[in-house]
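Notes to accompany the following structure.
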Amino acid sequence: MEILHTNDLKVQTINSNLGIAILNLDPNRNIDHQTAREIEILINRYHLVLMKSDTPIKKETQVDLTKRLGEPWRYDYVPGQYRDYPEIFKVTNQKGDGFANAGQAWHSDGSIYNKRMHLSIFSIDKIPVDGASTYFSNLNYAYDRLPENIKQKLLTLEGNFGKMYRPHPVVWKHPITQMDLLHISEGFKDGFIDTSSGHALSFDESQEIHKLLNDHMWEENTYYEHKWKLGDLVIADNYAVAHFAKPNYSNTLRVLHRTATKGEKRAKHS
Ligand SMILES: [Fe+2]
């Protein structure tokens, strides 16, 4: 693995497609303004940033870092959430203890909303006996390696997310880097609209495309599996990265803390 040095940070690439690990920064220590700007540069270049602490990530340091990186999302209280930390979205595998069993499909956080989430910041709080993993995949790489005829077909498609939300383009540009991105979502099960004709695709046609994209995301050696350890902190650029929470079969407690920053309105591919 390549080891690079930014001004103050020592970093190491995770794999050829995605991600960088910062080797000399404890995410449980207060991260100053200058260091946060360096982290932003890494996020825009590598889209997934990992850090490790020797101790579990404290709620207040995760929220403070989130505020350094953008305007945090705040969540309405549901049973099991933290009343003192409305910025923390608690994901668990136990019903009634936060948001249960979220994320078991390829998705980017907040992708259903017309105004997107930019960064998701994750830490693990409870690891089940059979371990906890999240898969991450680079959506620019996912688009680039599609066959040309499929790329052309996808360019005019929008995913139909039901009455509450506007349709979302299946291919769009990263608002910061202008990279072409594939948008992947379980919401695509609801079907696609072909914007060149203005017509909805048939149920079978939509299912076929949804399956093609889902299979594409699982192509071997194209994604990164993060095996969680206490003290890990992962920052994902939701524009450029999709993730998938690996299901657990042990039925022992799994708790993940997610914070997020507010992003831009969705832009159409041009
Ligand atoms: Fe998620």
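The values are calculated or read from the model by the stated rules, or taken from the named source; none is laboratory data. As the structure is a computational prediction, the values presented were derived from the model and not from experiment. Counting neighbours? That spans all protein chains shown, and the Cβs are built from the backbone with ideal geometry, glycine included.
So which of Leu146, Leu157 ends up being in contact with an Asp or Glu (Cβ under 9 Å, 6 or more places away or on another chain) and more than 16 Å from the ligand (Cβ to nearest atom)?
One residue alone meets the criteria, Leu157.
Taking region 238-255 as the region of interest, how many residues are farther than 19 Å from Ala105 by Cβ and either within 11 Å of the ligand (Cβ to nearest atom) or within 18 Å of the chain's Cα centre (by Cα) (or both)?
Within region 238-255, the first condition is being farther than 19 Å from Ala105 by Cβ, and the residues that meet it are 250-253, 255.
Add one more test, that the residue is either within 11 Å of the ligand (Cβ to nearest atom) or within 18 Å of the chain's Cα centre (by Cα) (or both), and what stays is 255.
Residues flagged as farther than 19 Å from Ala105 by Cβ and either within 11 Å of the ligand (Cβ to nearest atom) or within 18 Å of the chain's Cα centre (by Cα) (or both) within region 238-255 amount to 1.
Are there any pairs, at least 6 apart or on different chains, whose C-beta atoms fall under 6 Å, with the first in region 72-97 and closer than 19 Å to Ile127 by Cα and of a type outside the set (A, V, I, L, M, F, W, C) and the second outside any loop (DSSP other than H, G, I, E, B) and modelled with pLDDT of 85 or more, and if so, which?
Gln81/Lys90; Thr92/Val255
Is it the case that region 147-158 has a residue that's modelled with pLDDT of 90 or more and touching a Gly at 6+ places or on another chain (Cβ under 7 Å)?
Scanning region 147-158 turns up no residue that is modelled with pLDDT of 90 or more and touching a Gly at 6+ places or on another chain (Cβ under 7 Å).
Let's see how each residue does on (1) in contact with an Asp or Glu (Cβ under 6 Å, 6 or more places away or on another chain); (2) surrounded by 14 or more Cβ atoms within 10 Å (Cβ to Cβ); (3) touching a residue at least 24 places away in the same chain (Cβ under 8 Å); (4) not hydroxyl-bearing (Ser, Thr, Tyr):
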{"residue": "Gln104", "(1), (2), (3), (4)": "no, no, yes, yes"}
{"residue": "Tyr113", "(1), (2), (3), (4)": "no, yes, yes, no"}
{"residue": "Phe122", "(1), (2), (3), (4)": "no, yes, yes, yes"}
{"residue": "Ser133", "(1), (2), (3), (4)": "yes, yes, yes, no"}
{"residue": "Leu139", "(1), (2), (3), (4)": "no, yes, yes, yes"}
{"residue": "Ala142", "(1), (2), (3), (4)": "no, yes, yes, yes"}
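Scanning region 98-120 for residues that are at pLDDT 85 or above and of a type in the set (S, T, N, Q), which turns out nearest to the chain's Cα centre (by Cα)?
Among those that are at pLDDT 85 or above and of a type in the set (S, T, N, Q), it is Ser108.
Could you tell me which of the residues Val63, Val49 is buried (at least 17 other Cβ atoms within 10 Å of the Cβ), out of contact with any Phe, Trp or Tyr (no Cβ under 7 Å at 6 or more places or on another chain) and of a type in the set (Val, Ile, Thr)? Outline the logic, then answer.
On the way: Val63 fails: out of contact with any Phe, Trp or Tyr (no Cβ under 7 Å at 6 or more places or on another chain).
Only one candidate passes the filter, namely Val49.
Report, by residue number, each residue of region 144-164 that is surrounded by fewer than 17 Cβ atoms within 10 Å (Cβ to Cβ), more than 17 Å from His216 (Cα to Cα) and not hydrophobic (A, V, I, L, M, F, W, C).
Residues satisfying the conditions are Thr156, Gly162, Lys163.
At pLDDT below 95, over 22 Å from Gly263 (Cα atoms) and buried (at least 20 other Cβ atoms within 10 Å of the Cβ), is that true of Asn93? Break it down stepwise before answering.
Numbers: at pLDDT below 95: yes; over 22 Å from Gly263 (Cα atoms): yes; buried (at least 20 other Cβ atoms within 10 Å of the Cβ): yes.
Here the answer is yes, as Asn93 does meet what is asked.
Suppose we keep only residues that are among the small types (Gly, Ala, Ser) and over 21 Å from Tyr143 (Cβ atoms) within region 184-232. Which one would you say is surrounded by the fewest Cβ atoms within 10 Å (Cβ to Cβ)? Lay out the reasoning, then the answer.
Here is the first cut: in region 184-232, the residues among the small types (Gly, Ala, Ser) are 185, 187, 191, 196-198, 200, 202, 206, 231.
Now restrict to residues that are over 21 Å from Tyr143 (Cβ atoms): 197-198, 200, 202, 231.
Numbers: Ser197: 9, Gly198: 7, Ala200: 16, Ser202: 11, Gly231: 17.
Only one residue tops the list, namely Gly198.
May I ask you to verify whether Asp215 is more than 16 Å from the ligand (Cβ to nearest atom) and under 17 Å from the mean Cα position of the chain (by Cα)? Before you say what the answer is, go through the steps one by one.
Details: more than 16 Å from the ligand (Cβ to nearest atom): yes; under 17 Å from the mean Cα position of the chain (by Cα): no.
Judged against the criteria, Asp215 is not a match.
Among residues belonging to region 7-16 that are under 24 Å from the mean Cα position of the chain (by Cα) and in a loop (DSSP other than H, G, I, E, B), point out the one that is modelled with the lowest pLDDT.
Applying the filter and picking the extreme gives Ser16.
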